[in-house]
1. Net charge near residue 265, counting Lys/Arg +1 and Asp/Glu -1 over other residues with Cβ under 11 Å of its Cβ?
2. Given a 1.4 Å probe, how much area per residue of segment 188-293 is accessible, in Å²?
3. Quick check: Cα centre of segment 190-209 to Cα centre of segment 94-141, how many Å?
4. Please compute the net charge surrounding residue 247, taking Lys and Arg as +1 and Asp and Glu as -1 over other residues with Cβ under 14 Å from its Cβ.
5. Between the alpha-carbon centers of segment 246-313 and segment 46-81, tell me the distance in whole angstrom.
6. Taking the Cβ of residue 56 as the center, what net charge do the other residues with Cβ under 14 Å away carry, scoring Lys and Arg +1 and Asp and Glu -1?
7. Compute, for residue 230, the solvent-accessible surface of its heavy atoms (probe 1.4 Å) with the complete set of protein chains present, and express it in square angstrom to the nearest 10.
8. Cross-link partners among lysines for residue 43, C-alpha distance below 18 Å, same-chain residues fewer than 8 apart left out?
Amino acid sequence: MSNSGPLPLLTRLKLFLSELITYLTTRSDGSLNRRLFNLLDFKALAPSTKLINTIHVTTSDVTVDPSRNLWFRLFTPATSTHVPLIVYFHGGGFTKYAPDSKVFDHLCSHLAARVPAVVASVNYRLAPDHKHPTQYEDGFDVLRFIDARHHDVNADIGRCFVGGDSAGGNIAHHVTVRAVEEVEQFGKMRIVGLLGLQPFFGGEGRTESEVRLTKVPGRMDRYWRDFLPEGADRDHPAANVCAGDLTKLGFPPSLVVVGGRDPLQDWQRRYAEWLRTCGKRVVVVDYPNAFHAFYAFPELPEFDLLLDDVARH
């Protein structure tokens, strides 16, 4: 598919439905009608077993802290080897979705089968009810929980990758930073890689790709307002991470996935370049035809390319 080619009819229909759901679940003040959104967010039940190509993947839900509804969905491939662990954070602008949302259940099932790896997809608390740094704290606590109970996970937690898409990619970065800063808090777990799938970063200045590709420039700003502390702007270090310095930290090698139709691509390329200036290893995978959240559309060729690239790197 060329960069300028039309999208498949199925994809265009799904995008139309997604825009319709966004319209129906957005109040006049721009806030999310969560009750209505949850009714329209179709769920995948667990426990279950899926056959993906020739690999059976079983799912189960593990409770970390019921008082804050902190849990993760475990995707375990039926393989004969001791596989690595991927701790995954879903996207959704910090405000919506969950590991049992069908789109993320599907993605993580396929990651588990193709890599192969055990995937722990985290149900962190959502903004605006829970603002920064709640999501980062939830992610870090899941890492410590898995480290303490690694025998129940059936993965090699000494080869742990932290990853996520969009807002989840932002969470993955910040959780990884804290984990390498506080490595003494872990026993067997070692983070050996980061997967940033179109990670959500930003700043007060508009990038060229934001101006060129965003139909509604203020839509992303709403996510930041819901997530960041009261009174903070988009140059807050949670959003504009490139002002920091990772030079002295043992930050792991990173795979950053960028889409040529994604308004956030300039921030993602800036992020990758910043990691390099801090002396960190980075591989950037660029899909020229990919729009933001393309991984939610398995009919697109980039979906399989993504699985192959994650498995390869």
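1. Neighbourhood net charge equals -1.
2. For segment 188-293, the solvent-accessible area averages 44 Å² per residue.
3. Their Cα centres are 16 Å away from one another.
4. Net charge around residue 247: +2.
5. 25 Å
6. +2
7. Approximately 150 Å² for this residue.
8. Those lysines meeting the cut-off are 14, 96, 102.
The values are calculated or read from the model by the stated rules, or taken from the named source; none is laboratory data. Every value quoted in this text rests on a predicted model; they were computed, and no experiment measured them. Counting neighbours? That spans all protein chains shown, and the Cβs are built from the backbone with ideal geometry, glycine included. Areas reflect the complete protein model, heavy atoms only, side chains present, ligands, DNA and RNA absent. Shrake-Rupley method; radii C 1.70, N 1.55, O 1.52, S 1.80 Å.
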